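Beneath this line is the structure, given in structure tokens, with notes to follow.
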Amino acid sequence: MRWIKVKDYEELSEKAAEILMKQLESKPDSVIGLATGGTPIGMYRQLVSRFKREEISFARVTAFNLDEYIGLGKEQPESFYSYMEHHFFGHVDIPVASRHIPDGMAENLEGACEAYESSIEASGGIDLQVVGIGQNGHIGFNEPGTSFQSRTHVTELSASTRRANAKYFDVKEMPEQAITMGLQTIMKARSIVLLAYGHEKRDALAQLRTGKITGSFPASCLHEHPNVTVLYGEESEGEG
């Protein structure tokens, strides 16, 4: 596990974008796993800017998102589908057919999970997976206690996760479930980049640094992966 401390959010975003660009330079038809939330927004902004300057093309890329809320349609602004369209997909040349996000409105959720897993496998597997980390150590929406052998599945969101994400919602409408790639799915990626920024991630990162692998802290499974980069930092005084 390689740890890289950044001086500010801009540097984190630039370094994350550079890692992804290098991946595409070496393999233009890469399969990339993408994350949502506040932290990756700067990375997407950087990638969109570089695309507009014609420094990079995503035309041969296949993308798989980590997760989606159950019960939110694509048109709802809180959905991760809307997030990705707003911050990334709507501004670059990834073919629509190559953009994959779990279907939180599927009538058969178990079938949707199996189909998503099959699509990842049919693509040849994920080359580079971007993840964040929750205050309770979740990656994707794999909450504490999730099996390290889990594949794409339906998960109940913990109280702490719902509190952390409530700022994006009318609290009354905050979903209680999501579809997420499983820990085994994430760990099959050939390389993983974990993005963490802000004081609220300090305790989770400290626990990750201990190297202790435990089901009560899902991100600890990353210690068993041979190619993980952690980009992290905290706000300076007056920032944010």
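The values are calculated or read from the model by the stated rules, or taken from the named source; none is laboratory data. Just so we're clear, the structure is a prediction, and the values are computed from it rather than from any experiment. Please note: Cβ atoms are built from the backbone with ideal geometry, for glycine as well, and neighbour counts cover all protein chains shown. Heavy atoms of the whole protein, side chains included, go into the accessibility calculation; ligands, DNA and RNA do not. Shrake-Rupley method; radii C 1.70, N 1.55, O 1.52, S 1.80 Å.
Do the conditions hold for GLU68, that is, is it closer than 30 Å to GLU121 by Cβ and either part of a strand (DSSP E or B) or touching a Lys or Arg at 6+ places or on another chain (Cβ under 6 Å) (or both)? Against the criterion (closer than 30 Å to GLU121 by Cβ and either part of a strand (DSSP E or B) or touching a Lys or Arg at 6+ places or on another chain (Cβ under 6 Å) (or both)), GLU68 qualifies. For region 117-132, filtering for residues that are part of a helix (DSSP H, G or I) and in contact with a helix residue (DSSP H, G or I) (Cβ under 9 Å, 6 or more places away or on another chain) leaves 2. Of the residues making up region 178-192, those that are open to solvent by 10 Å² or more (accessible area, probe 1.4 Å) and in contact with a strand residue (DSSP E or B) (Cβ under 8 Å, 6 or more places away or on another chain) are ARG190, SER191. Among the residues of region 193-231, the one identified as among the hydroxyl-bearing types (Ser, Thr, Tyr) and buried (at least 22 other Cβ atoms within 10 Å of the Cβ) is TYR197.
Residues in region 1-30 that are under 13 Å from ALA196 (Cβ atoms), open to solvent by 30 Å² or more (accessible area, probe 1.4 Å) and in a loop (DSSP other than H, G, I, E, B): MET1 only.
From the list GLY33, GLY37, the lone residue that is outside any helix (DSSP H, G or I), at pLDDT below 95, within 27 Å of ASP8 (Cβ to Cβ) and small (Gly, Ala, Ser) is GLY37.
The residues of region 163-195 that are part of a helix (DSSP H, G or I) and modelled with pLDDT of 90 or more, listed by number, are LEU183, GLN184, THR185, ILE186, MET187. Taking region 133-157 as the range and being assigned to a loop (DSSP other than H, G, I, E, B), open to solvent by less than 30 Å² (accessible area, probe 1.4 Å) and either out of contact with any helix residue (DSSP H, G or I) (no Cβ under 7 Å at 6 or more places or on another chain) or under 17 Å from ILE70 (Cβ atoms) (or both) as the test, the residues that pass are HIS138, GLY140, PHE141, GLU143, THR146, SER150, THR152, LEU157. Report yes if ARG163 is among the charged types (D, E, K, R), farther than 24 Å from ILE41 by Cα, open to solvent by 30 Å² or more (accessible area, probe 1.4 Å) and out of contact with any Lys or Arg (no Cβ under 9 Å at 6 or more places or on another chain), otherwise no. Against the criterion (among the charged types (D, E, K, R), farther than 24 Å from ILE41 by Cα, open to solvent by 30 Å² or more (accessible area, probe 1.4 Å) and out of contact with any Lys or Arg (no Cβ under 9 Å at 6 or more places or on another chain)), ARG163 does not qualify. Cβ separations smaller than 6 Å between residues 6+ apart or across chains give the following pairs from region 90-115 residues that are within 20 Å of ARG151 (Cβ to Cβ) to residues that are open to solvent by 50 Å² or more (accessible area, probe 1.4 Å) and of a type in the set (Ser, Thr, Tyr): ILE101/TYR81.
In the set GLU235, GLU173, GLU224, only one residue is over 19 Å from the mean Cα position of the chain (by Cα) and under 29 Å from GLU114 (Cα atoms); that residue is GLU173. In region 50-59 there is no residue matching the filter, namely being more than 19 Å from TYR232 (Cβ to Cβ), open to solvent by less than 20 Å² (accessible area, probe 1.4 Å) and of a type in the set (Ser, Thr, Tyr). Residues in region 68-120 that are open to solvent by 30 Å² or more (accessible area, probe 1.4 Å), at pLDDT 95 or above, small (Gly, Ala, Ser) and farther than 22 Å from ARG45 by Cβ: ALA97, ALA115, SER118, SER119.
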